[in-house]
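Participant: One structure follows; several queries about it will come next.
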Amino acid sequence: MDKGRRNFLKSLVLLGATGLLTGRKAIAQNTPSKRRISSSQATIRPPEGFVPVITPDVPKLPYTLENGIKVFHLIAEPVRQEFIPGRVFDIWGYNGHVPGPTIEVMEGDRVRFLFHNKLPEATTIHWHGLEVPLEMDGVPAISQPLVKPGEMFTYEFTLHQNGTFFYHSHMAMQEMMGLIGLFIIHPKKPYQPPVHKDFGLILQEFAVLPNNTIPNSLSMEFNWLTINGKAGPATTPMIVKLGERVRIRMVNLGMNHHPMHIHGNTFYVTGTEGGRIPESAWYPGNTVLVGVAQARDIEFDAKYPGDWLLHCHLPHHMMNNMVSMVGPIAHAGSGMPTGMGMEEGMGIIRQGNALDEDLGPALGRGTGMVTREKPTSHLVGVQSTEPHQGHGTPTENGNKKRVPGFPQDMFMLMDEAVAKPETYGLRPGWSGGIQGMMTLVRVLPPDMYEKVMAMMKERQTKQPPQQPAPLHRDH
Ligand SMILES: [Cu+2]
């Protein structure tokens, strides 16, 4: 058994024990199905060559085994989560995380989900892409009754598919609050050619008005774009050893499609939300459109050493907190209520004359630390003693020329605030080049790879994984 698989099995045991402890209260409230499972339906063991999926910044959902059934506890609840250092948002997730913890199972498994609703309103869970009996499909009022606050519902089915799937609330606005998670089903026989690294990423978008923490789920525009619940540069790079074969699974459930682009490498699209694509139909690219409700798997051989960007190529999805043309409201300090009318949307809240330069573009696009605006005439044409804040690229001092369109840059350095083993050895100032829906695939030569992996292992043994504190743990 190789090391990766041994570690995976070890982690299952540990996670299983955790699940048992945290799930005790839930078990008492629930009446699980008494159905007996024959030995032919017993849990499927991972095959030789099995590679577990890695979901940076997102934990796996633990389970316990009961008569060969994998039993999971899934809790929908409010979550406080930091997308980037200093910016904590009030969103909704599962088991204290956004996106929810990754469900990782085997084709042929029988699974049971004891679903607890700790939200203040009714919800259900839909298993996206899974062929399950209608009564397990999770559509409120169509396939099942609503799961009211404080209630539970048991979902149980057998998995006959394999591939990249996801689970999510089937209440549209709840989806926009963050309620989604990965559901990875490994095949009984590993896909060919085998990969060394298998990553899973969830792409999400949130509209949070300046000085607020609560997303406006009605907005059609978005200013926080995340990968696995983090905005660049707080996204955690994917660490790969030079020469390894890599799979990256990407899932999208928002209002926008995301053309995901990788630098310096050519990949093949090898899977969709419908499962594995036959090799004869794989197609090459370096950008794959991960449309709403879609999953896309890509694979490539990591032949080129380097720190390669993987990012959505929509320009506005490579920013944090962009809030163009926000009027005085930006520095009101007390925040704006969410749920405003659609016409107010994101960033078109103004007072008075729309063309008054005192109500010019807000300068907080960097990481949103600054939402105070200044008259645009302060930016150019005068000897500026106060360069636009939060921005790191040098500006020509004493530039007497008024340059229409200035400023555009949002270069913001925060290397130290987001430092972790996975960022070790990046070029100083690297964090300025990564914002919004951006992350890195770091293809490291063997010596550097071993060093980073050792640092990651040390972190694992030294600190428990960081968990955002749910707001209402005691419900
Ligand atoms: Cu995008």
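The values are calculated or read from the model by the stated rules, or taken from the named source; none is laboratory data. Since the model is a prediction, treat every value here as computed from it, not as a measurement. Ideal geometry is used to build each Cβ from the backbone, glycine not excepted, and the neighbour counts take in all protein chains shown. Note: accessible area is taken over every heavy atom of the protein model, side chains too, but ligands, DNA and RNA are not part of it. Shrake-Rupley method; radii C 1.70, N 1.55, O 1.52, S 1.80 Å.
Participant: What distance in nm separates the simple spin-label points at GLN460 and LEU242, each placed 7 Å from Cα in the Cβ direction?
Facilitator: My value for the distance between the label points is 2.4 nm.
Participant: Once the piece of chain linking SER280 and VAL139 is laid out straight, how much longer is it, given 0.36 nm per residue of separation minus the C-alpha distance between them?
Facilitator: Gain on stretching SER280 to VAL139: 47.2 nm.
Participant: Pick out, from ASN211, VAL111, VAL147, the residue whose Cα sits farthest towards the positive end of the charge dipole of the range 101-253, with +1 on the Cβ of Lys and Arg and -1 on the Cβ of Asp and Glu.
Facilitator: Going by the charge dipole, the pick is VAL111.
Participant: Could you pull out every residue, at least 5 positions away or on a different chain, whose amide H is within less than 5 Å of the one on GLY275? Hs are placed 1.01 Å off N in the peptide plane, and Pro or chain starts have none.
Facilitator: Here THR164 satisfy the definition.
Participant: To continue, here is another question. Sort the following peptides by mean Cβ neighbour count (other Cβ atoms within 10 Å, averaged over residues), highest first: 240-250, 443-453, 95-105.
Facilitator: 95-105, 240-250, 443-453
Participant: Which percent of the Cα-Cα distances in the range 81-169 go past 18 Å?
Facilitator: The answer is 49 percent, as a whole percent.
Participant: Right, something else. At 0.36 nm per residue, minus the direct Cα-Cα distance, what do GLU48 and LEU314 gain on full extension? Give it in nm, one decimal, please.
Facilitator: Gain on extension, GLU48 to LEU314, equals 91.7 nm.
Participant: So how do 48-59, 74-85 stack up, highest first, on mean other-Cβ count within 10 Å?
Facilitator: 74-85, 48-59
Participant: Working out 0.36 nm times the residue gap between MET453 and LYS189, then minus their Cα-Cα distance, what length gain in nm do you get to one decimal?
Facilitator: Separation in residues times 0.36 nm, less the Cα-Cα distance, equals 92.3 nm.
Participant: Compute the accessible area per residue over the range 115-212, keeping the other protein chains in place, probe 1.4 Å, unit Å².
Facilitator: The answer is 33 Å² per residue.
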